[in-house]
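To start, the structure itself, in structure tokens.
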Amino acid sequence: MTERARGWFGMDRRVQARELDEEDFLSPALMEALAMQRLMPATEFKKWFSDFLPDLASGAVGDVLQAAARTHLAAAIDTVTGDYMGEHWLATFAALALTGTE
């Protein structure tokens, strides 16, 4: 599995931290990073991750994630109602985005 993951993802560099295609339930970039983190030795993963998502690896997590969240929320908030998924599942995330978790 590790060999296959390295073949698929090992050379990926500077992926975008936000994914606004409105189709994916989970972030493909973060799922890729999670797979590599679980399969690679820690020192190797640290180097790979710093090339893969350099803004996050450098410690700019808060700024990058906040900007992505604001952009995503602005693009999606008007579609939260109108179907079962929007009204029963996504509304929870919309409420958290608008009110915070504290």
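The values are calculated or read from the model by the stated rules, or taken from the named source; none is laboratory data. Just so it is clear, the model here is predicted, and its values are computed rather than measured. Positions of Cβ are generated from backbone atoms using ideal geometry, with glycine treated the same way; all protein chains shown enter the neighbour counts.
Got a sec? Which helices (runs of 4 or more DSSP H) wholly within the stretch 1-87 have at least 2 residues that are surrounded by 12 or more Cβ atoms within 10 Å (Cβ to Cβ) and modelled with pLDDT under 90? Let's see the steps before the verdict.
Values: elements: 2-9, 28-39, 42-52, 54-57, 61-76.
Qualifying helices (runs of 4 or more DSSP H): 28-39, 54-57, 61-76.
Residue pairs, Cβ under 7 Å, 6 or more apart or interchain, first in the stretch 5-22 and within 29 Å of residue 76 (Cβ to Cβ) and among the β-branched types (Val, Ile, Thr), second surrounded by 15 or more Cβ atoms within 10 Å (Cβ to Cβ) and modelled with pLDDT of 60 or more. List them.
Taking only residues 6 or more apart or on different chains, the pairs are 15/29; 15/52; 15/53.
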